[in-house]
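Following: one structure in structure tokens, then a few remarks.
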There are 2 protein chains.
Amino acid sequence: MQLESQAAEQELFISGVARELAGFLDSKRGLLSAISPDTVILLDSIRDLVTGGKRLRALMCYWGWRGAGGGEVSAEIVTAGAALELFQAAALIHDDIIDRSDMRRGGPSVHRQFSQLHQRHGWSLDGERFGHAAAILTGDLCLSFSEEVFASIGAPTAAGTRAREVFNLMRAEVMAGQYLDILEEVSGPHKPAGTAVQRAQSIIRYKSAKYSTEHPLVLGGALAGAPSQLLSGYSAFALPLGEAFQLRDDVLGVFGDPGTTGKPAGDDLREGKRTVLVGLTLAAAGEEEAQFVDERLGRQELSDDEIEQIRAVMIASGALAAAESLIENYSDIAYTALAALDIPAGPVVSLRALATAAVRRKS
Amino acid sequence: MQLESQAAEQELFISGVARELAGFLDSKRGLLSAISPDTVILLDSIRDLVTGGKRLRALMCYWGWRGAGGGEVSAEIVTAGAALELFQAAALIHDDIIDRSDMRRGGPSVHRQFSQLHQRHGWSLDGERFGHAAAILTGDLCLSFSEEVFASIGAPTAAGTRAREVFNLMRAEVMAGQYLDILEEVSGPHKPAGTAVQRAQSIIRYKSAKYSTEHPLVLGGALAGAPSQLLSGYSAFALPLGEAFQLRDDVLGVFGDPGTTGKPAGDDLREGKRTVLVGLTLAAAGEEEAQFVDERLGRQELSDDEIEQIRAVMIASGALAAAESLIENYSDIAYTALAALDIPAGPVVSLRALATAAVRRKS
């Protein structure tokens, strides 16, 4: 019964965020049309990306707000949710350029949409370059929009507030964390193998865990005026949850079903991502197998057969099982911290459901 | 005498902005070091880029503020100047990736710095890709910083203020304008030649003119609480000035001295920029010459000899003279509008000096 009413409330919030996003983007249509009707496509790309998705960040923010006594589906928390979704969209657009990911949620990623536009029209010069350039600009616009929406909340996100601090911290940490991620791709093979797992865990923390779960939850709490102690409790729950969430992502990046993830199989391996799972594999596999995997990471032309062989090494070496066990451990720590929070039962139930979905997901 | 004291005041403001930028970036050093000492390089890249430069935007903002009765070198206007410089740095970082410009102010551009870092360390995988990815992230961080600094001004830039509106508008217009710019590179050759100059002028307006002069000036005025009428007067002066400024940029992009501009000769031609100067050339040159120019735009491997031939067509066809005459016309309109402003003599003198420098510059 309780779960049902929680789900209904959550649904109401989600549709509020969707309406807010659509309304905001519509409000920019006149401005962009006046510059040139050709620029409206930037808004369309952003709109497609913020339609759908798991809304994990917006939901963490919402239940952080509700746990700290914020009102049901209040205007400011809906707006904060919209700002987080726009930030996530901006990050995805640039991430897909960086990772050369041509697919996102089963469709073409933004830079691919633009290179396809180039191709359809038979335009001059290089279509791939055009696609990357247009996606860099779309991501920049989306990043600005995210901040514009966040600032529009007014006093609760003004200079000097805790919410503003969290928002600033979140952005700097994600960008620095993403840099660490690409740095590890190129420099990891030249660094001590013994600390690879540790480096991968640090990358996870900053590029994903803090930003996907901890910061949104704390932001919601801060907006509702939560005391520092509650915000620390939120962190104690959400940070290990975020680590489990990203470890699941790493596993799905190698073992996920393309039909469910919307991304080609083994994408992370072709990209050369040096994840915790990869670190565990290189440490646990025999020398020959480890070398086999190491040499193939980051090869764009990796065959399906090679991907299958890498998967086999990950399974046989026990690395996959070790990753699953890490996910289990982090989840346990998160659930224990959640149970210790002094917040109403409703938000606890919802946060537990979110946590389970984040860790057990197939996409 | 007046010019001297104005120059001293301007110098004081500029050094205030420099100190604010250095202080802000220093304040982020601890955060980034804690994530990983490897990420501090992102701050270094940003710091190098905001050190030096013409500070045109910060200065327009300052004199807009002073013209509207703002106090001498007050804290909020120094912070606004720093925010504008960070925004400009973010735009330059991404612009250089988009334009594949390997040089900026005589040194390597940010993406080149990172690909050189890759090379120096002999890291794995592709150094150019790493450079682009790292520069995308550095630009994103810088864009976030710009907004963080802007918001830190507090009440004068809070949600709903005119200053906030200008800041939001500026960002959206620049990004949409830059998109039009890259769109014209690829689609321009397929569009009616008769409207090429008009399209190029629209691009100039949004990607550069409004953002380099109009928005900063209006922002300064808005921060000082200027009435709408004065802000309209600011626009009437600064928009044509910005157009003249960008036309000068276009001319320098083809005819500039690399020793002074800090960029290779003919960079804009290799990039395929379809500027007003190019549009005028294609319209004024004979069919054969026009075709010669048209076919070479955007060719990375353009020889110095070909660049010299394109220059010759621009001169012989009268296109260069026409561009200079446009610069003259826009400047005249700007000076007339400046004279009509009801603001103290000091800011008028300073704005006139800035305008002259912007239009007559060699770099």
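The values are calculated or read from the model by the stated rules, or taken from the named source; none is laboratory data. Remember, it's a predicted structure, so these values are computed and weren't measured experimentally. No Cβ is skipped: glycine too gets one built from the backbone with ideal geometry, and neighbour counts run over all protein chains shown.
A residue that is modelled with pLDDT of 95 or more, of a type in the set (Val, Ile, Thr) and in a loop (DSSP other than H, G, I, E, B) occurs nowhere in the stretch B:264-282. When every residue of the stretch A:90-100 is checked against the conditions, none turns out to be small (Gly, Ala, Ser), more than 10 Å from chain B (Cβ to nearest Cβ) and crowded, with 19+ Cβ neighbours inside 10 Å.
Taken residue by residue, the stretch A:185-195 has at least one member that is closer than 15 Å to B:SER36 by Cα and either in contact with a strand residue (DSSP E or B) (Cβ under 8 Å, 6 or more places away or on another chain) or buried (at least 18 other Cβ atoms within 10 Å of the Cβ) (or both). Annotation for the stretch A:167-186: at least one member residue is more than 7 Å from chain B (Cβ to nearest Cβ), over 25 Å from A:THR79 (Cα atoms) and in contact (Cβ under 8 Å) with a residue 40 or more places away in the chain.
What do you reckon, is B:PHE130 crowded, with 24+ Cβ neighbours inside 10 Å and more than 9 Å from every other protein chain (Cβ to nearest Cβ)? No: the conditions fail for B:PHE130. Filtering the stretch A:99-134 to residues that are in a loop (DSSP other than H, G, I, E, B), of a type in the set (S, T, N, Q) and farther than 21 Å from A:TYR179 by Cα leaves only A:SER124.
Rundown of residues vs (1) surrounded by 21 or more Cβ atoms within 10 Å (Cβ to Cβ); (2) more than 7 Å from chain A (Cβ to nearest Cβ); (3) at pLDDT 95 or above, yes/no style:
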{"residue": "B:ARG105", "(1), (2), (3)": "no, yes, no"}
{"residue": "B:LEU117", "(1), (2), (3)": "no, yes, yes"}
{"residue": "B:ARG120", "(1), (2), (3)": "no, yes, yes"}
{"residue": "B:SER146", "(1), (2), (3)": "yes, yes, yes"}
{"residue": "B:VAL149", "(1), (2), (3)": "yes, yes, yes"}
{"residue": "B:SER152", "(1), (2), (3)": "no, no, yes"}
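Within the set B:ILE327, B:ILE343, the sole residue that is out of contact with any Pro (no Cβ under 7 Å at 6 or more places or on another chain), part of a loop (DSSP other than H, G, I, E, B) and buried (at least 18 other Cβ atoms within 10 Å of the Cβ) turns out to be B:ILE343. Of all residues in the stretch B:26-60, those satisfying the criterion of being crowded, with 19+ Cβ neighbours inside 10 Å, in a helix (DSSP H, G or I) and in contact (Cβ under 8 Å) with a residue 12 or more places away in the chain are B:LYS28, B:LEU42, B:LEU43, B:SER45, B:ILE46, B:LEU49, B:VAL50, B:LEU56, B:ARG57, B:ALA58, B:LEU59, B:MET60.
Taken over the stretch B:140-179, the residue count meeting the criterion of being of a type in the set (Lys, Arg) and in contact with a Phe, Trp or Tyr (Cβ under 7 Å, 6 or more places away or on another chain) is 0. Within the stretch B:161-184, the set of residues being among the basic types (Lys, Arg) and surrounded by 24 or more Cβ atoms within 10 Å (Cβ to Cβ) comprises B:ARG171 only.
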